[in-house]
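Below: one structure, written as structure tokens.
Values in this text are rule-based calculations from the coordinates and carry no lab data. Note that the coordinates shown come from a computational prediction; the quantities given were computed from them, not determined experimentally. Positions of Cβ are backbone-derived with ideal geometry, glycine not excepted, and every protein chain shown enters the neighbour counts.
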């Protein structure tokens, strides 16, 4: 199984025909990005979507191995990128490694419709290059603090979809979820904000349906 590791070329090799929609999943460490992937994969599979996954870690393949262990996808449909640097470097400054991985998946699986690209855990300023993805979502969680939206981080402001995860924890970490939602909608000017509890799967159907509507169209 091929793994993508850091290298020196700054320019990707000639790209394969780009057939699959590419959706980025970013957010801080521990916000629940991988848990969201684990909830989205079976939903897209049940929908009949032909999909694959790319995960990013600084110096390990831990997230990819976690997804493979779930057996939700064939192992060869899950590629790992080791960024070797701050996670945002491989999704924004120079996304070559991720673009090469996505091109490889497109070549390997004819008819591929969707590639979910999970960033390594990063800060509130991380964002995806539009050379890499067609759509990207940013995952935050209530345990990180209900003040996250009003801090106006680039990820919160710029993503196509903001996901507020771990809603069940709000009473236990003294987060005001209603305030968090209100301020998220205010700073995003009405752009989409959804809530999830990836432990139970609550809210994940809405995330899946939003992605399908935005990038899969009638596929």
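With the simple model of a label 7 Å out from the Cα in the direction of the Cβ, residue 205 to residue 29 spans 3.6 nm.
The angle between the Cα long axis of helix 177-187 and the longest principal axis of the Cα atoms of the chain comes to about 70 degrees, rounded to the nearest 10. Stretched out straight at 0.36 nm per residue, the stretch from residue 186 to residue 130 would grow longer than its current Cα-Cα span by 17.7 nm. Nearest 5 is fine: what % of DSSP beta bridges in the chain come out antiparallel, could you say? Once the DSSP bridges in the chain are tallied, antiparallel ones form about 5 percent. Taking each DSSP H run with n ≥ 4 as -39500 (n - 2.57) and averaging over every residue of the chain yields -8000 deg cm²/dmol at 222 nm. Rounded to the nearest 10 degrees, the angle from helix 33-47 to the longest Cα principal axis of the chain is 70 degrees. A compact globular protein would have a Cα radius of gyration near 2.2 N^0.38 Å; the ratio found for region 145-219 is 1.15. Between residue 179 and residue 85, the simple label model (points 7 Å from Cα in the Cβ direction) yields a spacing of 3.9 nm. Across the chain, Cα pairs under 8 Å and at least six residues apart give a relative contact order of 26 percent. Specify the inter-centroid distance of region 25-39 and region 49-110, based on alpha-carbon positions, in whole Å. Centre-to-centre distance over Cα atoms comes out at 14 Å.
Checking (i) 1.02; (ii) 0.95; (iii) 0.97 against Rg/Rh (Cα atoms, Kirkwood Rh) calculated from these atoms, the matching label is (ii).
Based on the Cβ-Cβ distance from residue 213 to residue 154, what FRET efficiency comes out when R0 is 25 Å, to the nearest 0.05? My answer for the efficiency is 0.55. Modelled spin-label separation between residue 65 and residue 19, with each label point placed 7 Å from Cα along the Cα-to-Cβ direction: 3.2 nm.
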